[in-house]
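Report on the structure given below.
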Amino acid sequence: MANDLALKAGRARRVAHGLPGLVSGFGSGLLRDPWVRVLLALATLNAIWAVTGTTPAAVQALWQWSPALLRGLGMNIQISVLAMALGTLLGLVVGALSLSPSRLVRRLMRAYVLLFRNAPILVLVYFTTYVFPFDINLAGWRLPFPDWIKVVIGLGLPASANVAEIFRGAIQSIPSAQWEAAQSLAFRRTQIFRMVVLPQCVRRMLPSWMNLLASITMSTSLASLVGVHDLVDTATVASNTVARSDFTILVYFTLLALFFAYCYPIARWTRYLERRHAHH
């Protein structure tokens, strides 16, 4: 009897030891099926509704507010794209000047990068919002200076510092023989950057640039703190208007889902570009 029990216990231990690997292998194969992923997403959504006590009335209210939420997401995307465009243009200039033969220029660019890479983004957003004027007088015309443009500047400054570092690292990764070959052909320094260095840097910079885009996009949620009608601000207004606890939970889960739906493809594309660059 004792021997039988010992044999059964040994078999149980072996089965238990191999079960995690079997389940993980089986699960990883199933997760490659898109329909399984859809079913898992629906099951997760159903579990969230069950845990939060979401009612049909809350779902109906969310449906009514969905156009406003999508417009708010559009504002976040607009701010992130413009901030990255501004940051990329400034960053390319700063990154190029950081390799200038002039020591003074290099130090100034280094100070710029250190300042805006280490400054809290929220502080920069508040600074650009409340220090910059609310309108601009230009040749007798009074032009409005809306808060969302100030947020673009506030996010574009740290983006430019990060792009400058990415660009500087990409430039330094170019073999010196290519610089010497271009100089032997009597190219000016600006021509070398524009025609030789920059095209090669784009491929090396793209994965890091995509990561920065996702980070800046998530930072656009700070725009609601300075009165910009973005996705977070719209969700807050909707929650206060409907005034239901189940709707509040549901609308903020929806907010997370919308940000995830926009940032996750960027993350996947970034991983693809990193693998492609590593193979080359």
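The values are calculated or read from the model by the stated rules, or taken from the named source; none is laboratory data. All of these numbers come straight from a predicted model, not from anything done at the bench. Positions of Cβ are generated from backbone atoms using ideal geometry, with glycine treated the same way; all protein chains shown enter the neighbour counts. Each accessible area value is taken on the protein alone, full model and side chains, heavy atoms only, with ligands, DNA and RNA left out. Shrake-Rupley method; radii C 1.70, N 1.55, O 1.52, S 1.80 Å.
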Residue farthest toward the positive end of the dipole of the stretch 124-202, with Cβ of Lys/Arg at +1 and Asp/Glu at -1: which of Ala170, Pro146, Phe193?
Phe193
I need the phi-derived Karplus couplings for the stretch 206-221: 6.51 cos²θ - 1.76 cosθ + 1.60, θ = phi - 60°, integer Hz, Gly and Pro marked x.
4, x, 5, 5, 5, 4, 5, 4, 5, 5, 5, 4, 5, 6, 5, 5
Could you state how much accessible area Leu122 has, in square angstrom rounded to the nearest 10, with a 1.4 Å probe and all protein chains kept in place?
70
Residues of the stretch 239-280 with amide N under 19 Å of a point placed 7 Å along Cα→Cβ from Arg203
269-280
Quote the accessible area belonging to Arg271 in square angstrom, nearest 10, computed with a 1.4 Å probe and with ligands, DNA and RNA left uncounted.
130
Given a Förster radius of 22 Å and the C-beta distance between His229 and Arg268 as r, what FRET efficiency does 1/(1 + (r/R0)^6) yield to the nearest 0.05?
0.15
Computed over the stretch 218-280, the Cα gyration tensor eigenvalues, each multiplied by 5 and square-rooted, give semi-axes in Å (largest first) of 34, 14, 5
Based on the Cβ-Cβ distance from Ile136 to Ala85, what FRET efficiency comes out when R0 is 22 Å, to the nearest 0.05?
0.60
